[in-house]
Amino acid sequence: MPASTASTSAAPVAGAFEPEAALEEAQKTPYAATMKATTEVAGREAATMSGRANLETVFTGRMEVRTAGAPAMWVETVTTADGNYVRDRSKAGDGWIKVPRSADNQASYAGYAKLLLATGPSAKKGMENQGGVPVYHLSGRLDIEQVASVDPRTHRSMKAKGVTGFDCDQWIDGQGRTVRFDQRMDMRGTAGANKVLFSEFGPVETFTPPTKG
């Protein structure tokens, strides 16, 4: 009798989901999240941004940006529906000033994930775990012009640095919310990277103009 052959199919992952359905849910249900972003240039940390923001809707939030090196910069921003408030904490005595809200200050991380899925089946790396949460890993290379529709500010900034495309890895949870987002690119011969972590998800929040001081 021929020997029996054991099945080699992988066992289902607990909490497994299909990314397409999850992303549709995220774009129907905006949310707030805590963000921590790190920018690296030539392998060295150049800047960090941290704070809380509303995503998959009109961008509003409160952020803190710090740059490395000398002179170091420390800036706080509060973005509301009608303007952007900025305070330079690296200069003693500087108070809040209001500047017009930038028309391209808007990014859809669900939109990024859909762009990755559109590159083909190779983008789907499967289920993983991030911080104890089941997530779906997407990966691929995006052309800089593709990004204009989902992240116009990044499109403008990267194009000015000579970036023509970048490698991207993204991890989304079962509700289509991005848990981690990594970009790697070449800026006229210099390696650059952006890494963003998202946590503490909740309903959309209201961000009001800061008081003086």
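The values are calculated or read from the model by the stated rules, or taken from the named source; none is laboratory data. Given the structure is predicted, the values throughout are model-derived calculations rather than measurements. Cβ sites come from the backbone with ideal geometry, for glycine too, and all protein chains shown count toward neighbours. All accessible areas refer to the heavy atoms of the entire protein, side chains included, with ligands and DNA or RNA removed. Shrake-Rupley method; radii C 1.70, N 1.55, O 1.52, S 1.80 Å.
Among the candidates Lys125, Lys98, Lys91, single out the residue that is out of contact with any strand residue (DSSP E or B) (no Cβ under 8 Å at 6 or more places or on another chain) and of a type in the set (Lys, Arg).
Lys91
Output the residues belonging to segment 96-107 that are exposed (fewer than 11 other Cβ atoms within 10 Å of the Cβ) and assigned to a loop (DSSP other than H, G, I, E, B).
Pro100, Ala103
In the set Gly162, Gly176, Gly192, Gly126, which member is assigned to a loop (DSSP other than H, G, I, E, B), farther than 23 Å from Arg101 by Cα and open to solvent by less than 20 Å² (accessible area, probe 1.4 Å)?
Only one candidate passes the filter, namely Gly176.
Identify, from the list Ala193, Ala123, Ala110, the residue that is of a type in the set (A, V, I, L, M, F, W, C) and more than 26 Å from Ala21 (Cβ to Cβ).
One residue alone meets the criteria, Ala193.
Being open to solvent by 20 Å² or more (accessible area, probe 1.4 Å) and either free of Cβ contacts under 8 Å to residues at least 12 places away in the same chain or within 14 Å of the chain's Cα centre (by Cα) (or both) is the requirement here; does Thr154 meet it?
So Thr154 passes the test.
Give all pairs with beta carbons closer than 6 Å in which a residue from segment 17-38 that is farther than 25 Å from Phe207 by Cβ meets a residue that is open to solvent by 10 Å² or more (accessible area, probe 1.4 Å) and of a type in the set (Phe, Trp, Tyr); count only pairs at least 6 apart in sequence or on separate chains.
Between residues of segment 17-38 that are farther than 25 Å from Phe207 by Cβ and residues that are open to solvent by 10 Å² or more (accessible area, probe 1.4 Å) and of a type in the set (Phe, Trp, Tyr), the close pairs are Pro19/Tyr136.
Checking Ala110 against (1) outside any strand (DSSP E or B); (2) without any contact (Cβ under 8 Å) to a residue 40 or more places away in the chain; (3) open to solvent by less than 70 Å² (accessible area, probe 1.4 Å); (4) among the aliphatic types (A, V, I, L, M), which single condition isn't satisfied?
With respect to (1) outside any strand (DSSP E or B); (2) without any contact (Cβ under 8 Å) to a residue 40 or more places away in the chain; (3) open to solvent by less than 70 Å² (accessible area, probe 1.4 Å); (4) among the aliphatic types (A, V, I, L, M), Ala110 is out only on (2).
Being open to solvent by 80 Å² or more (accessible area, probe 1.4 Å), in contact (Cβ under 8 Å) with a residue 24 or more places away in the chain and either touching a Pro at 6+ places or on another chain (Cβ under 6 Å) or closer than 24 Å to Gln106 by Cβ (or both) is the filter here; which residues of segment 129-150 pass it?
The answer is Arg141, Ser149.
Hey, among the residues in segment 41-51 that are open to solvent by 50 Å² or more (accessible area, probe 1.4 Å) and part of a strand (DSSP E or B), which one's farthest from Gly189 (Cα to Cα)?
Met49
One residue is enough: does segment 152-159 have a residue meeting the conditions farther than 21 Å from Val78 by Cα and not in a helix (DSSP H, G or I)?
No, because not a single residue in segment 152-159 is farther than 21 Å from Val78 by Cα and not in a helix (DSSP H, G or I).
For residues that are assigned to a helix (DSSP H, G or I) and among the β-branched types (Val, Ile, Thr), tally how many sit in segment 129-145.
1
Please give the number of the condition Pro19 fails out of (1) touching a helix residue (DSSP H, G or I) at 6+ places or on another chain (Cβ under 7 Å); (2) open to solvent by 50 Å² or more (accessible area, probe 1.4 Å).
Of (1) touching a helix residue (DSSP H, G or I) at 6+ places or on another chain (Cβ under 7 Å); (2) open to solvent by 50 Å² or more (accessible area, probe 1.4 Å), only one is false for Pro19: (2).
Which condition from (1) under 17 Å from the mean Cα position of the chain (by Cα); (2) open to solvent by less than 60 Å² (accessible area, probe 1.4 Å); (3) within 29 Å of Asp186 (Cα to Cα); (4) of a type in the set (A, V, I, L, M, F, W, C) is the one that Ala68 breaks?
Result: Ala68 fails condition (1) only.
Exactly one of (1) surrounded by 19 or more Cβ atoms within 10 Å (Cβ to Cβ); (2) touching a Phe, Trp or Tyr at 6+ places or on another chain (Cβ under 7 Å); (3) farther than 24 Å from Ala32 by Cα is unmet by Arg184. Its number?
For Arg184, the exception is condition (1).
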